[in-house]
Each structure stands twice: as structure tokens, then as C-alpha cells.
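Asker: If you scroll down you'll find the structure; I have some questions about it.
The values are calculated or read from the model by the stated rules, or taken from the named source; none is laboratory data. Bear in mind that the values here come from a model prediction, so they are computed numbers and not experimental data. Cβ coordinates were reconstructed from backbone atoms using ideal geometry, including for glycine residues, and neighbour counts include every protein chain displayed. We work out accessible area using only protein heavy atoms, side chains counted, and drop any ligands, DNA or RNA first. Shrake-Rupley method; radii C 1.70, N 1.55, O 1.52, S 1.80 Å.
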Amino acid sequence: MDILLGVIQLLRPRAILFGGGLDAFGEWGLSFRKRDDLLFCWIEQGECQLIRPQQACLHMKKGDFLLIRTSTPFTLTSGGFVEPVDSETVVSSSKRKRLYLGSGKDNPVILHAGKFVVDAANEDLLASLLPQLIHIVGSDPSQGRLRTLLDLNEKEAREPRPAGEFVVGRLVELIFVEILRSQHSLGSMENKGLIAGLADSVTEPALVAMHRDFVRNWSVADLAKLGGVSRSTFATRFRRVVGTGPIEYLLNWRIALAKHELMAGTKSVSEVAFQVGFQSSSAFSSAFTREVGTPPTQFARGQMFREENDPHSLGGRAMSTHR
């Protein structure tokens, strides 16, 4: 089973662009609040710096692509001694589609940005896929497939055509998937999670097995044999690399699958329970309620109500903090 494909199908990532982009000149700065969003930006022209608390300054050049979780605030800046303006404030007060920062004509920068939104029911899966920051250097020759998508994206932004915003959004979504697939993501993990587990020789066989046969009543000993280590060594290694115990991980994945099925609304709670590996509806309801905070029946009704009353709720929620 393709594990990443399974996770992506649950997340259904969509890209929302922030207006028409940003033009900046001279000295400027744009700050972003802590929002726990997944933002992206790329530099069409010029250079700028990314400033994060207690982190080294990151220099970005033309063609660079940045994927960043706003688990901490950050600032994009020309690098001079200038007080940054708050992104949400400046967007809400601007009457233009494009933002303009700084003054004069020196050191022009053209920057595009947006955010990814995912299905709210399983958005917690996102934290296990990505580090806080991924920086794709535009001049890196090793990122051939990703570079092709970035080039197409840049050309579409630079030479707008009919339905251009739709095309750019879909290209950015493909860029997101390619980042997940690439060795760049595997080799630069700053946090624990699924991607880190797939890159580890001991935990990878267990993860593949659990995703391939998630209804099986796996034991830690069974999974340890797949990694060729003792039970205690495996349990310690799995928790250190993935961030949870192996049985806890399996439960979380079953619950994620159950949420997806309940949101679809085509199966009963009992059918969902057996489909995701529980032996009874009562055991499923107890586990679901404990993990999610609401019974599965109530969860399904809540999701249906949300969709019926606000079919574009994800998009609306994504843009609301940047208008």
C-alpha cells in the first residue's frame, strides 16, 4: 500500500492563494502571527530574508520555494532595520488585490504566497508529515521534478492567462505532494512523525505492515520481528522516531479512517467499526469517543450539518484570517 497516498487522500490538501501577490521595494518587513497554518511562498524576483525566533536567518533568492508551519511567528523582510507590518492587518486594510510594501524603486521583490487547507476532521495528520520548515532552493539541480513544477508555477504567475489562479492553485498542490515524495523531505525532518518513521530501517517495515493490514490485531512483538529487533528495542525506537507507541499509532490511523468514512455518510457506525478493525460497535464507539471527544454518531451528524450549511467552509476558513 502507498502510505503517503492514503494519508493525502484523507487530507485532500487544497491551496488558497493570498490575493495577487506582493511587490516590495527598498526596506520592508511583513510579519505573520502564530496560527498553526501551513503557509507557502515563492520568490518570483529579488531576494528576502526569513526571520524566526531563536532560529538562524534564512536567505531566500529568486526561484526559492518555502513551506512553513506557523507554529511560531515569523517575518519576511528585506533585511534592514525596519519595523515589520502585520500581514493580517495590512491585508484587511488594503483595497488592492496585490500588496505593496516599502518605497522607492530599489531592490524590487515579487513574492507569491498562500496556505494549504485540509479536511478539518484529520488535519492533525499534517503534523506527522512535515517539519516546521522546508526550503527548496531554486538553483538546486537535484530537485528536477519539483523544479519543473516550480517553473510552470512561476511562468503561470508571471504571464497570467484565463483561469490562471485555478491553475496556480493546482500546481502548488502538486508541489506539496512532490515535496512529500521527495528525498528532500525525508532528509530534513526536524520533528517526529510518519515521514521520519518511513525513513527509519526499523520502523518502516512496521508502518508499511500496519497500513497494509490495519484490521489485524497487531502486537508489539509481531511488529518488532518485522524490524529485526527485540520487542523493547522496537517499542523505544518507534516512540522516539514516530512520536507515539506502535499500538497507539495503529489506533490513531484507524480513527482517522473512521472519520473519513463517517464524513462520507454512506455507511452505518457498525459498518465503519468493522471496516477499520474493531470487533464490535461498542468498542469502536468507546475508542472513538475517547480519542475524538464525541461519539461517532454525533460526529457524523456534525459533519453533515457543516457541509449542508457551508459547503465552502474550508476555503472560507482559510481566507478569513488574511482578508
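Asker: Quick one: is Glu248 part of a helix (DSSP H, G or I), open to solvent by 70 Å² or more (accessible area, probe 1.4 Å) and within 20 Å of Leu4 (Cα to Cα)?
Answerer: yes
Asker: Can you list the helices (runs of 4 or more DSSP H) found entirely within segment 118-223 that contain at least 3 residues being modelled with pLDDT of 85 or more, of a type outside the set (A, V, I, L, M, F, W, C) and under 20 Å from the mean Cα position of the chain (by Cα)?
Answerer: Where helices (runs of 4 or more DSSP H) fall fully within segment 118-223, none carries at least 3 residues being modelled with pLDDT of 85 or more, of a type outside the set (A, V, I, L, M, F, W, C) and under 20 Å from the mean Cα position of the chain (by Cα).
Asker: Select from segment 47-71 the residues that are on the phi > 0 side of the Ramachandran plot and open to solvent by 20 Å² or more (accessible area, probe 1.4 Å) and list them in ascending order.
Answerer: Result: Gln54, single match.
Asker: Can I ask one more? Counting just the residues of segment 99-146 that are open to solvent by 50 Å² or more (accessible area, probe 1.4 Å) and polar (S, T, N, Q), which one comes out farthest from Phe81 (Cα to Cα)?
Answerer: Going through the qualifying residues, I end up with Ser142.
Asker: To continue, here is another question. I'm trying to understand the selection: among the residues of segment 252-280, which are surrounded by fewer than 17 Cβ atoms within 10 Å (Cβ to Cβ) and either in contact (Cβ under 8 Å) with a residue 24 or more places away in the chain or not charged (D, E, K, R) (or both)?
Answerer: Asn252, Ala264, Gly265, Thr266, Ser268, Ser270, Phe274, Gln275, Gln279, Ser280
Asker: Condition first: at pLDDT 95 or above and open to solvent by less than 50 Å² (accessible area, probe 1.4 Å). Now tell me which residues in segment 228-245 satisfy that.
Answerer: Val229, Phe234, Ala235, Phe238, Gly245
Asker: Now for a separate question. If the requirement is being open to solvent by 60 Å² or more (accessible area, probe 1.4 Å) and within 16 Å of the chain's Cα centre (by Cα), which of these qualifies: Arg96, Arg12?
Answerer: Only one candidate qualifies: Arg12.
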